[in-house]
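The block underneath contains the structure these notes are about, expressed in structure tokens.
Derivation of every value follows stated rules applied to the coordinates shown; laboratory data play no part. Fair warning: this is a prediction, and the values are worked out from it, not measured in the lab. When we count neighbours, we look across all protein chains shown, and the Cβ atoms used for this are built from the backbone with ideal geometry, even at glycine.
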Amino acid sequence: MQRKRLSELQKLGYLIFRKEIALSDRIGRGEFGEVLKATYHGRQVAVKIYKKTASKLAITYEASLMTKLNHPNLVSFIGLVYEPDDAVYLITEYLANGSLLTYLHSRTRDEITELTKLKFSIDVCRGLVYLEERDFIHRDIAARNVLLSGQIPNLIAKVADFGMARDLHDLSIVPGATSNQASKLNNNTPTLVILNSPSSDTIEKYPKPDHETHHQSFEAANNNNNNNNNNNNNNNNNNNNN
């Protein structure tokens, strides 16, 4: 399966040589590795560099899935650098405005109007509808996984990070994923993972995801964002009173 996916990526022109990527500043990091800003043939891109211990099978699954997606409210996939003896790079479009989470945390209630929140919600819903129509489930909907494109005040929200996503026609078990990855998912949603791995902390099986997953995940994420925004406003008010 691994060879088949790599062969398909190569045929579609998505396999990229490491020397074609000019790495620059780090713009993020996580359990998986780090994200760097880079240049690819004159175009600014974002490069997710995985740790050498990461499951290459899971990464190629994510890359293969992203080649099937093309929508203005989903982050665009550009290519994959795959060198068996080195780190694997997953390359996407670069969005300078960062995540929706950062945007919400850096602004007050007056700056984030109901109309703005509605606009972002509609953008995310459009992306999720596109996925559902093609039988894909994201399974990790959260403000940290929504990036912003364009210029203020005309920002466009794009769903990103398809590392937990699934094609409902290909619910094969992915080795190498652990309960640490699953724990990032919201506890109030059924966005759980089908996992299998020799790791001692692996969760071996979860309920199969379906389209209802998106609806409940989006509602929970939206509630969390509203709560976080209210907390930020309360903190700002307390600081002003002091």
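Summary of values
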{"read-out": "Net charge contributed by nearby residues that have their C-beta within less than 11 Å of Leu155 (K/R +1, D/E -1)", "value": "+1"}
{"read-out": "Summed residue charge, Cβ within 14 Å of Arg43's Cβ, Lys/Arg positive, Asp/Glu negative", "value": "-1"}
{"read-out": "Cα-Cα over 28 Å, subset of Lys37/Lys68; Lys51/Lys119; Lys68/Lys119; Lys11/Lys51; Lys51/Lys117; Lys56/Lys117", "value": "Lys51/Lys119; Lys51/Lys117; Lys56/Lys117"}
{"read-out": "For Val88, distant residues with modelled amide H under 5 Å away", "value": "Tyr50"}
{"read-out": "Total formal charge among the other residues, if their Cβ is under 13 angstrom from that of Leu9, Lys/Arg +1 and Asp/Glu -1", "value": "+4"}
{"read-out": "Net charge dipole size for the stretch 2-93 [Lys, Arg +1 and Asp, Glu -1 on Cβ; Debye, nearest 20]", "value": "160"}
{"read-out": "In Hz, Karplus ³J(HN,Hα) per residue of the stretch 150-165 (6.51, -1.76, 1.60; θ = phi - 60°; x = Gly, Pro)", "value": "x, 10, 4, x, 9, 6, 10, 8, 10, 6, 10, 6, 9, x, 9, 5"}
{"read-out": "Additional length obtainable on full extension of the chain from Ser121 to Met1, 0.36 nm per residue less Cα span", "value": "39.6 nm"}
{"read-out": "Cβ crowding within 10 Å averaged over residues, with 106-119, 126-139 ranked highest first", "value": "126-139, 106-119"}
{"read-out": "Estimated FRET transfer efficiency when R0 is 22 angstrom, pair Lys19-Ala96 (beta carbons, to 0.05)", "value": "0.30"}
